[in-house]
Each structure stands twice: as structure tokens, then as C-alpha cells.
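To start, the structure under review is shown below, and the notes come after it.
The values are calculated or read from the model by the stated rules, or taken from the named source; none is laboratory data. All values derive from a computational prediction rather than experimental measurement. With ideal geometry, Cβ positions are generated from the backbone for all residues, glycine too; neighbour counts draw on all protein chains shown. Ligands, DNA and RNA are stripped out before the accessible areas are found, and what is left, the full protein with its side chains, is counted by its heavy atoms. Shrake-Rupley method; radii C 1.70, N 1.55, O 1.52, S 1.80 Å.
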Amino acid sequence: MHPILKNCLLALPFAGLFVQAGTANAQTLNNINQNGTLVELCASAQQDIMQDSANVNVSYKAENRDKRIAADEVNKKMTEAIRLVKANYPKVDISNQNYNTYQSYTPKGQSKDWTVEQSFLLESKNPSEVPALVSLLQESGVTINGMNTFLSPEAAKAAQQKLYSQAFDDVQMRLRSISEAMGKPNAWQITHIDMTGSRGCGGGGGGMEFMRAKSMLAAAPAAMDVAEPTVEPSKQTIQLSLWIAAKMK
């Protein structure tokens, strides 16, 4: 039986592509090692991509002994806030989050005020417009509960495909070099690819890292203009790791 050659390859990141592997690994290795020399390669790819989307969570809460008065205040305030968003940022996606109505009680079980609260999630494909959007919402009097930037699925997929291609091309270049060094140019064949991370190639199976945008959001009276918050550009790491087995003929 020929000796096993091992070569480690480092390329660049990726996250989200998976190639089926698992229970058939042991059987596959036995089969491919029957003839020729088995070569194992570890490939790892990584890249930082600028996040291209952002979301903002907004809400408004009112308390009153009269449930109807509290609900009326919340409904009017949120209706106006959403109207402003649609009028000034028509491309922003708006989705319902929560609408709660509940009454508080004292430790002795006596009823207190009713609380009504509603929240929405706003998503933009243009992070640069979010500071002005947040400022507008704060001027309207609603509460900003969170502001985050993230990488859209479309951008992540495009980066993954590019990294996969780069890593695989580098693997084939290594195999050609090994084949030529053995005096058998192009006498190799890839027999197995494992992207599950179970082969100890580093980087696991690839992981998405969500980095929150740094922001400064300060509440201000509704009657005053509110300065735009600071949003620093954030990057997200796309990562890929794979294990490849090839047979030298």
C-alpha cells in the first residue's frame, strides 16, 4: 500500500454552503485507498464583507387607568410614525412585531394602570439612510429599541460562491503540483469533499458572524429637532472550510 501524503491548504472565508458527507466517509476512504496514493488537503477561505442592510426596531408605550385612552394614544402615535416612514423612505420594509395590552396590579391584587405597547421592525437595503430615518422617528416621539447592520442573504451567497471557487481552484493547483512531483502529470482524481468541518480542517463548517453597528441613540423631546445618530460601517466575516481527498493514479 502506498504511503499517505497530507498537505494543508489555506485560502480565504465563506459560510453557508454544505456538501453532503457523514456516514459514508469511512466507506469512501476505504474504497479510494485501494489503488493509488491517497492525498488529503485542508482548505480554508475567509473574507470580510461590508454589511449592506440595516434594521431598526421602533415601539411606543402608553399607560392609563382607562384602557381605551392608552390604546388610542398608541394607535395614533404609531400610525403617524409609519406614515412618516412610508412618505420619506418608501423603499424601507415594514413588518409588525408586537401589540400588547395588559393591566398591572399591586402586591395586594388591586388593579392599576393599563399598558398598551406596539412595535415594528424597519429594514433598509441602504444603511447610509438609517441615521436620518432614526432621527425622524425620534422626533415623532417613538422609542428606538435597536439599530443593527447586517449582510443580506444575496450578498452573502455571492461572496460564498466566489470563495468556494477560489478555494477549489487552489486545491486543484496543489494536486497538479503533487502529481508532477511524482512524475505523473495530471494523474489525479478528487474522490471526496467534506465541508462539515468534522475533519479538523479549522473554521468548523463555516459560520456567519453578525457584528452590530456601533451607534449612539439619545432620546430627545419631540418638539425639538433630533440629531442623527452615529453609525460606523461594519463588516461581516464569511468563512468556508473543506476537506478534500484525492487519489494519485
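Return the long-range amide H neighbours of Asn126 (sequence gap of 5 or more, or a different chain), with a cut-off of under 5 Å between placed amide H atoms.
Those qualifying (amide H under 5 Å, at least 5 residues apart or on another chain) are Ala54.
Subtract the Cα-Cα distance of Gln110 and Asn126 from 0.36 nm times their separation in residues, and report this length gain in nm to one decimal.
Length difference between fully extended and current span is 0.9 nm.
Going from the alpha-carbon gyration tensor of the stretch 53-150, what semi-axes, largest first and in whole Å, does one get by taking the root of 5 times each eigenvalue?
30, 13, 10
Report the accessible area of Tyr60, computed with a 1.4 Å probe over the heavy atoms of all protein chains in place, in Å² rounded to the nearest 10.
Per-residue accessible area (Tyr60): approximately 30 Å².
Return the sequence-ordered ³J(HN,Hα) values of the stretch 98-106 in whole Hz as given by the Karplus equation 6.51 cos²θ - 1.76 cosθ + 1.60 applied to θ = phi - 60°, using x for Gly and Pro.
9, 9, 10, 9, 8, 10, 8, 9, 6
What are the GluC sites (Glu not before Pro) within the stretch 62-102 that DSSP puts in a loop, where the Cβ has at most 15 other Cβ atoms within 10 Å?
none
How much length is gained on full extension from Arg65 to Arg83, taking 0.36 nm per residue of separation minus their Cα-Cα distance? Walk me through the intermediate numbers first.
Details: separation 18, 0.36 × 18 = 6.48 nm, distance 2.81 nm.
So the extension gain works out to 3.7 nm.
Considering only protein heavy atoms and a probe of 1.4 Å, how much of the accessible area of the stretch 53-150 is carbon and sulfur, as a whole percent?
45
How far is it, in nm, from the label point at Asn145 to the one at Glu228 when both lie 7 Å from their Cα along the line to the Cβ?
Result for the modelled spin labels: 2.6 nm.
What number comes out for accessible area per residue over the stretch 53-150 if the probe is 1.4 Å? Units Å², please.
For the stretch 53-150, the solvent-accessible area averages 54 Å² per residue.
Pull out the extension gain between Lys76 and Asn186, defined as 0.36 nm times the separation in residues minus the alpha carbon to alpha carbon distance; nm, one decimal.
32.4 nm
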